[in-house]
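For reference, the structure discussed in these notes is given below.
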Amino acid sequence: MRRIADMFQPLSRPAEMIHVTAVLVLIISLVIFLFVTGILVYCIVKFRRPANDDGTEPPQIYGSTNIELAWTVIPILITVVLVLVTSRTIGEIQNAKMPENAVKVRVVGHQWWWEVHYPDLGIITANEIHIPISDRDLAKATPSHFTLQSADVIHSFWLPQLGGKTDVIPNKDNETWFDPFETGVYFGNCAEYCGTQHANMLLRVIVHTKEGFDKWVANQQAAPPAPSTPEEIEGHRLFFANSCVNCHKVSDSVAVGVFGPDLTKLMTRQTIGAGVAPLNKDTLWSWVRDPQVLKPGCYMPDMKLHDKEVDAVVAYLQTLK
Ligand code: CUA
């Protein structure tokens, strides 16, 4: 597992294209920096006030067409080169043709979590995006294509090792794509300040082998087992008797809320609260007891359940896998 999203280690085609451009820009900037600093240091050392300085003004020189032309034309040429390489990379990424077999994902940014839809597969999840591995060979590549939407304010979708930042803007569909070369967990985050819990609007992309992805899809499409123990049944009753169902969705039930994450396959996720904590019985209990403890300011209110009721609701939620 990659704990740190190292943007200097790109593992997807668009990320590699950006990396190459970034390194080129960095090298050009470094040459300019060394040249300017070199001249500066040389002048400071070479033209120090000598010990025998008589204090008279040195000869003043005005106007040199050659020098002025040089410091105007050369920077313009350098800027043109930078503009051309950058816009070429942007164009190549934005205009890339997606093959028929590209996995289509619709991601909706919310304050402060990510809603994830697979329209062709009938899957809805949150904060964790599962996609298949691709191939460096363009002919065999299986990229994943993302349509990015926002339910409220401007967010930004960023997986540093998979691709560049793309703004997520209300009333506008933006697009991006990844085709990862290695399986594993990739970390990302919202990269546009969007309110109190912007820092806890985290995102994971889990890249599977082709078989692993098919298995994940089959599991997500299968209905979770019905609650069986008395506590699970009581939790189920409480969940549907409270206003949980106004904000959350559990498929094939009367819970059809869309303000909060879809809970149908809750327990198949690694984290709770968009990455604020690992998902386990304890963090789930804390969350149901009062979400404001783990994620102050989030839009899920304290439901004021008693501890016994929280036990039951947690037991029920744990069946959602
Ligand atoms: Cu969403 Cu920052």
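Here are the numbers for this structure:
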item	result
Most mobile of Leu24, Leu284, Leu202 in a GNM of the chain (Cα contacts under 10 Å)	Leu24
Gaussian network model of the chain, Cα within-10 Å springs - most flexible of Glu92, Glu128, Glu175	Glu92
Segment 55-158: chymotrypsin sites (Phe, Trp or Tyr not before Pro) in DSSP loop, at most 14 other beta carbons within 10 Å	Tyr62
Proximal aspartates and glutamates to Lys97, defined as alpha-carbon separation beneath 16 angstrom and excluding residues fewer than eight positions away on the same chain	Asp135, Asp137, Glu175, Asp179
Fewest-first sequence of Tyr118, Tyr316 by Cβ atoms within 10 Å of each Cβ	Tyr118, Tyr316
Non-local Lys pairs in segment 233-321, i.e. 8 or more apart or on different chains, that have alpha carbons under 21 Å apart	12
Computed over segment 154-295, Kirkwood Rh from alpha-carbon pairs, angstrom	17.4
Antiparallel DSSP beta bridges within the chain, percent to nearest 5	70
FRET efficiency, 1/(1 + (r/R0)^6) with R0 25 Å, evaluated for Lys165 and Lys210 via beta carbons	0.35
Gap separating the Cα centres of segment 57-77 and segment 146-161, nearest whole Å	47
Sequence-distant lysines (8 or more away, or on other chains) whose Cα lies within less than 19 Å of Lys210	Lys104, Lys140
Top of Leu34, Leu159, Leu305 by mean-square fluctuation, Gaussian network on the chain, Cα under 10 Å	Leu34
Hydrodynamic radius of the chain per Kirkwood, over alpha carbon pairs, in Å	23.2
Summed side-chain charge close to Arg289 - residues other than Arg289 whose Cβ falls under 9 Å, Lys, Arg +1, Asp, Glu -1	-3
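Every read-out reported here was derived from the displayed coordinates using simple, explicitly stated rules and does not represent laboratory data. All values derive from a computational prediction rather than experimental measurement. Cβ coordinates were reconstructed from backbone atoms using ideal geometry, including for glycine residues, and neighbour counts include every protein chain displayed.
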